[in-house]
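Below you'll find the structure, written out as structure tokens, and then a few comments.
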Amino acid sequence: MELTRYILRRMVLSAFVVLGVTFLVFIVAQVVPSDPAALYAGPRPTAEQIEKARQELNLDAPLIQRFAGFAKAMGTGDFGVSYKSRRLIAEDLRAYLPATLELAVFSTGLALLIGIPLGVLAAARQGKWPDRLGSFGSIAAVAMPTFFLAMILQLVFAQWLGILPLSGRLSREISVTAPLSMMTGFNLIDALLAGRLDAFGDALKHLILPALTLASYPAGVAMRLTRSAMIEILERRHVTAARALGLSEPRILFGHALPNAMGPALTVIGLSFAYALTGAVLVEIIFAWPGLGRYVSEAILAKDFPVIAAVTMVVTICYVVMNLLIDIAQALVDPRVALS
Amino acid sequence: MPLLNIRNLSVAIPTPDGDVHAVRSVSLEIERGEIHGVIGESGCGKTMTGMAALGLVPKGARIAADRFHFDGEDLRENAARLRGRRIGMISQDPAAALNPVLSIARQMDDVLRAHRDMPRQARHSEAVELLAATGLPDPERVLKSYAHQLSGGMQQRVVIAQALATGADFLIADEPTTALDVSVGAQVLALLRKLVAERGLTVLMITHDMDVIAEACDRATVLYAGLSVETGPVHDVLQRPGHPYARALLAALPDAAPHGAKLEAIEGSIPPPRSQIDGCAFAPRCPQAMPVCALQAPPERTLAAHRWLCHLPEGSA
Ligand SMILES: Nc1ncnc2c1ncn2[C@@H]1O[C@H](COP(=O)(O)OP(=O)(O)O)[C@@H](O)[C@H]1O
Ligand code: SF4
Ligand SMILES: [Mg+2]
């Protein structure tokens with residue numbers, strides 16, 4: 001069938017992207033001006049210690065062989081050990097990746113939930129005050145520096161109003177006194193699985209401010225894209241036809257025109273998700289969020305290459321998978337996509 | 001009393017270069033149960049007249065009329081309420097009139113849900129019935145399809161079924177056959193005739209094709225430059241046209257009158273829609289124009305139900 005063929009084609013393409021990134025990551029590792037053996041050997045190593053490390057890391061093998069080894073390790077999820085901490089990277093990822101994904105998924109959802117309805121409203125009231133206000137808001141949301149927005153949110157909601165926590169992922173009362181057993185690593189899901197509504201509420205409260213911070217930029221973009229797509233679609237003949245058929249205006253806006261604008265809106269999901277994954281570095285630091293961003297920023301400062309490589313690979317795979325899902329969703333929303 | 005009763009309707013659309021007089025002065029009396037043809041060259045205001053009756057004129061457009069009534073209700077106030085309840089639309093391009101990303105089932109169901117208070121299952125059977133009533137052979141399959149998977153003729157039948165689903169008893173069909181093959185177009189006309197007979201519908205049939213008037217209509221009104229210049233029973237308008245423009249239209253048709261004959265064979269062109277018109281709008285192109293024609297608006301001539309606007313006395317053709 002058209003759809004199945006389309007999905008298969010997309011999957012093959014995605015696999016190539018991942019392979020390409022693997023190659024890139026490996027090459028970058030070769031040209032970075034630092035000696036992994038020296039890092040691995042620990043502080044103030046002797047020449048012998050470095051030589052020993054070089055052999056342990058198999059750094060003298062031919063390039064091709066080392067790439068094969070690297071690709072295989074990445075493929076099996078064996079990311080090796082951190083040069084710096086000597087901890088298993090896979091184990092670190094198991095703790096940090098869910099934290100970042102939870103934040104990324106939540107903020108992406110928030111961005112769409114805010115941006116798309118506002119874009120529809122602005123298009124429906126084109127030129128009137130909701131449109132003007134929305135346009136101003138979206139420009140502000142896009143232009144606002146992340147750290148500044150984060151500080152304002154912390155100031156208002158944590159400091160003044162005191163209704164949301166300043167930072168962290170869980171309160172001490174939960175994480176120390178009655179910790180959640182880690183199943184998926186997603187606190188919201190783990191809390192639900194354990195039937196712990198207190199922990200769920202606590203995790204949700206901690207999520208809101210960092211997610212809002214991360215959602216600001218993509219929400220602004222989603223609003224702009226939805227608005228312009230909707231304005232174009234509202235001019236189309238089938239919208240006039242829907243009006244002539246006596247459908248209500250909300251039904252026409254959300255039930256008939258918006259599905260036609262879902263193409264651009266879905267594109268925003270990819271953009272927003274990528275933004276959340278990479279933008280997480282700063283936001284995770286500001287909100288003391290124990291995720292990949294903080295993990296990799298420490299690794300970058302320490303030139304801890306295996307960690308950088310592992311995070312790059314994981315982020316790439318998340319991104320590629322997300323895009324694959326978006327492509328499939330797009331084909332499901334618009335049956336003509338699979339034909340092209 | 002006519003179902004649709006329009007007297008001297010005008011629609012002016014403000015633009016940066018001045019008002020466009022899309023409709024200057026149109027009078028229409030459409031009786032219950034008839035198919036009333038409205039014919040004229042492209043740009044003469046056919047579509048805008050229909051859109052005004054639906055209350056769907058462009059933003060800022062000014063509507064004026066001495067009378068603008070549908071079944072006794074003033075369309076200036078009630079068009080939005082009547083549209084989709086009593087007044088339906090069938091547009092020229094069925095491919096564009098259907099939503100490309102929603103299944104036909106969803107689009108039929110939306111209409112039924114807006115107008116009929118019945119459970120989901122009943123709406124589905126109703127949709128199947130309506131599609132079958134438009135002559136679609138496999139309604140269940142059509143419901144599962146998207147617009148791009150249907151032929152033009154099938155799309156137009158779906159559009160007609162949607163209009164029926166609203167429960168409307170008055171349909172405005174804007175060149176419903178123009179985008180279709182000749183034989184498919186003829187089938188759609190036959191379908192409309194059948195629906196009018198079976199369901200007691202009334203149809204305003206917009207066209208630029210004399211054959212459509214001859215084939216499908218009971219009465220016809222000829223528009224020229226936003227003015228209704230002649231109206232009457234089809235055989236009068238076709239056999240004994242009173243207005244020189246209507247005569248020119250007929251003369252422009254080859255004797256064999258093939259389907260789809262266009263109206264462009266008359267020399268000259270319609271006055272620009274922004275211009276002011278003094279006297280008779282057709283005067284610059286009229287082979288029988290007299291000095292008075294350019295100065296004074298022509299009077300109405302009447303022969304029973306057949307009326308037209310011209311300075312020439314009756315029977316002078
Ligand atoms: N939205 C609009 N803005 C300005 N002029 C318009 C608009 N719609 C139609 N017109 C003009 O109004 C006149 C009548 O148009 P229309 O009713 O579509 O003619 P027809 O259907 O007979 O071809 C044309 O001159 C057209 O250019
Ligand atoms: S009024 Fe004069 S110009 Fe107009 S149609 Fe009649 S004869 Fe021709
Ligand atoms: Mg038209």
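Annotations for the structure displayed:
- Per-q log10 I(q)/I(0), the stretch A:1-98, q = 0.16 Å⁻¹ (Debye; single scatterer per alpha-carbon; no solvent): -0.83
- Note on A:R94 and A:E48: with the Förster distance fixed at 30 Å, the Cβ-Cβ geometry gives a FRET efficiency of about 0.30.
- Kyte-Doolittle mean at least 1.0, axial Cα span of 20 Å or more - DSSP H helices of chain A: A:2-31, A:89-124, A:258-286, A:305-333
- Protection proxy ranking for A:207-217, A:303-313, using the average of other Cβ atoms within 10 Å per residue and placing the highest first: A:207-217, A:303-313.
- Residue-span extension gain [B:D278 to B:A304] - 0.36 nm each, minus C-alpha spacing: 6.6 nm
- Chain B contacts chain A over a buried accessible area of about 1900 Å², both sides summed; the probe is 1.4 Å and only protein chains count.
- Tilt relative to chain B, helix B:182-199 - C-alpha long axis, 0 to 90 degrees, to 10: 80
- Each distinct pair of alpha carbons in the stretch A:102-291 adds a 1/r term; the inverse of their mean, the Kirkwood radius, is 18.1 Å.
- Counting only protein heavy atoms and a probe of 1.4 Å, the accessible surface of chain A is 68% carbon and sulfur.
- Cα-based Rg of the stretch A:257-325 normalised by 2.2 N^0.38 Å, two decimals: 1.35
- Beyond 38 Å, the tail of the calculated P(r) for the protein assembly as shown holds 53 percent of the Cα pairs.
- Rg ratio (alpha-carbon, reference 2.2 N^0.38 Å) - the stretch A:188-340: 1.36
- Placing +1 on the Cβ of every Lys and Arg and -1 on the Cβ of every Asp and Glu, with no other charges, gives chain B a dipole of roughly 660 debye about its Cα centre.
- Chain B: antiparallel DSSP beta bridges as a percent of all, rounded to 5: 60
- Based on the Kirkwood approach, the hydrodynamic radius assigned to the stretch B:40-189 is 16.4 Å, with every pair of different Cα atoms included.
- The mean number of partner chain beta-carbon atoms within 10 angstrom of a residue's beta-carbon across peptide B:83-93 is 3.
- Part-to-part distance (alpha-carbon centres) for the stretch B:1-61 and the stretch A:119-147, which is given in Å: 38
- Per residue accessible area in Å² of chain B, where ligands, DNA and RNA are left out and the probe is 1.4 Å: 42
- Label point at B:V182 placed 7 Å out along Cα→Cβ; residues across the stretch B:214-231 whose backbone nitrogen lies under 19 Å: B:214-217
- Comparing each chain alone with all protein chains together (probe 1.4 Å, DNA, RNA and ligands left out), the residues of the stretch A:245-274 losing at least 40 Å² of accessible area are A:L245, A:G246, A:L247, A:R251, A:H256.
- Compared with the dominant Cα axis of chain B, that is its longest principal axis, helix B:104-115 is turned about 80°.
- Stokes-Einstein, applied to the Kirkwood radius of the stretch A:139-244 over Cα pairs at a viscosity of 1.002 mPa s and 20 °C, places its translational diffusion at 128 µm² s⁻¹.
- Calculated FRET value between B:E31 and A:L332, using beta carbons and R₀ = 56 Å, to 0.05: 0.70
- Computed about its Cα centre, the charge dipole of the stretch B:45-141 is approximately 320 debye, with only Lys, Arg, Asp and Glu carrying charge at their Cβ.
- Using 0.36 nm per residue and subtracting the Cα-Cα separation, the extra length available between A:S175 and A:L301 on full extension is 42.5 nm.
- Placing pseudo-labels 7 Å out from each Cα toward the beta carbon at A:R87 and B:L250 gives an inter-label distance of 9.5 nm.
- Within the full protein context, the accessible area of B:I104 is estimated at about 0 Å² for a probe radius of 1.4 Å.
- Calculated FRET value between A:A194 and A:L113, using beta carbons and R₀ = 25 Å, to 0.05: 0.40
- Accessible area of chain B belonging to carbon and sulfur atoms, whole % at 1.4 Å probe: 51
- Rg(Cα) / (2.2 N^0.38 Å) computed for chain A, rounded to two decimals: 1.18
- Taking 7 Å steps out from each Cα toward its Cβ at B:D19 and A:R125 produces label points 3.1 nm apart.
- Translational diffusion of chain B, µm² s⁻¹ [Kirkwood Rh, Cα pairs; Stokes-Einstein; 25 °C; 0.890 mPa s]: 120
- The mean accessible area for residues of the stretch A:102-291, using a 1.4 Å probe and ignoring ligands and nucleic acids, is 45 Å² per residue.
- Buried on complex formation within the stretch B:22-63 (loss of at least 50 square angstrom of accessible surface versus the isolated chain, 1.4 Å probe, ligands and nucleic acids ignored): no residues.
- For the stretch B:121-196 versus the stretch A:159-174, the gap between their alpha-carbon centres in whole angstrom: 60
- Chain A: most fluctuating residue of A:I116, A:I89, A:I174 per GNM, C-alpha cutoff 10 Å: A:I174
The values are calculated or read from the model by the stated rules, or taken from the named source; none is laboratory data. All figures in this text were calculated on a predicted structure; none of them were measured in a lab. Don't worry about glycine lacking a Cβ; one is built from the backbone with ideal geometry, like all the others, and counts go over all protein chains shown. For the accessible areas, the whole protein counts, side chains as well, though only heavy atoms, and no ligand, DNA or RNA atoms are used. Shrake-Rupley method; radii C 1.70, N 1.55, O 1.52, S 1.80 Å.
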